[in-house]
1. Do you know which residues across region 155-173 are touching a strand residue (DSSP E or B) at 6+ places or on another chain (Cβ under 7 Å) and under 28 Å from residue 7 (Cβ atoms)?
2. May I ask you to list pairs of residues, at least six apart or on different chains, whose Cβ atoms are under 9 Å apart, with the first in region 264-276 being on the phi < 0 side of the Ramachandran plot and loosely packed, with under 12 Cβ neighbours inside 10 Å and the second being assigned to a loop (DSSP other than H, G, I, E, B) and modelled with pLDDT of 90 or more?
3. For region 6-27, name all the residues that are at positive phi and assigned to a helix (DSSP H, G or I).
4. Just wondering, is there one or more residues in region 218-232 that are within 19 Å of residue 23 (Cα to Cα), in a loop (DSSP other than H, G, I, E, B) and touching a strand residue (DSSP E or B) at 6+ places or on another chain (Cβ under 6 Å)?
5. Does at least one position in region 124-145 carry a residue that is in contact with a helix residue (DSSP H, G or I) (Cβ under 6 Å, 6 or more places away or on another chain), surrounded by 21 or more Cβ atoms within 10 Å (Cβ to Cβ) and farther than 24 Å from residue 43 by Cβ?
6. Tell me, yes or no, whether region 267-274 has at least one residue that is at pLDDT below 90 and in a strand (DSSP E or B).
């Protein structure tokens, strides 16, 4: 894809982290697993999610596992307190320990396991970079983003499956293709559009209450997926994509930077300035973007 506008180096390699989940979910559709197990669009959306562990998220993850003949014990995603504070508080009040299903990546792992069951792959080693599923995902990410496999770097993500690094430009191209289905073989385009439609129809399942991904998909026609260490990926049905990375990983900069860029692309979004509030709820400062790209008038 051609670079429309850039701040920083569009060829810089970044780890896409969870922003790559829509691409990592492609085998769920391509393999026929989603159809064979009768997965709903809500369940496809949670397979692309970094969810809050609100009840609808947990129910969808458990449903995927049940349909594939699996249980929560098969998840190897690790456990942490729910991202949504009221849900985390509830576990603590009840004296419960978080389980893997509460981890924000549990939907992705459930989807991966479903593919393994459908394809007859070993489920106990599904996280291994050499596993057939992970090799397939690497190939699909390279293809969708217009790269060779050896141009995509692989490391370990926080949840235990491979994480992928690629140039910002290539990642933005990939999201544009997922959002439109263009420049892809027919079968892959169809899978991409199924993923897009599931996320667009059920934005809450992709993140949850108070999350930028959900809020932007609720208020625009964009495909949006955030990732750890201040990554955000956006695909537009108008044919453009955006890959955003805050170099020091400061997540509080993502929202104002993203809103500034999207506003510059002509998307109707809220004010890019974010308030900083003290413990008393009083505004004590502001975070505002310095992005002023020449020619950004769309």
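The values are calculated or read from the model by the stated rules, or taken from the named source; none is laboratory data. Bear in mind the structure is a predicted one, so any value in this text is a computation, not a measurement. Neighbour counts are summed over all protein chains in view; Cβ atoms, including those assigned to glycine, are modelled from backbone coordinates with ideal geometry.
1. 155, 157, 163, 164, 165, 166, 167, 168, 171, 172, 173
2. Hits for this filter: 268/220.
3. Scanning region 6-27 gives a single hit, 17.
4. Yes, that holds for at least one residue.
5. Taking every residue of region 124-145 in turn, at least one turns out to be in contact with a helix residue (DSSP H, G or I) (Cβ under 6 Å, 6 or more places away or on another chain), surrounded by 21 or more Cβ atoms within 10 Å (Cβ to Cβ) and farther than 24 Å from residue 43 by Cβ.
6. Checked against the condition, which is being at pLDDT below 90 and in a strand (DSSP E or B), region 267-274 yields at least one hit.
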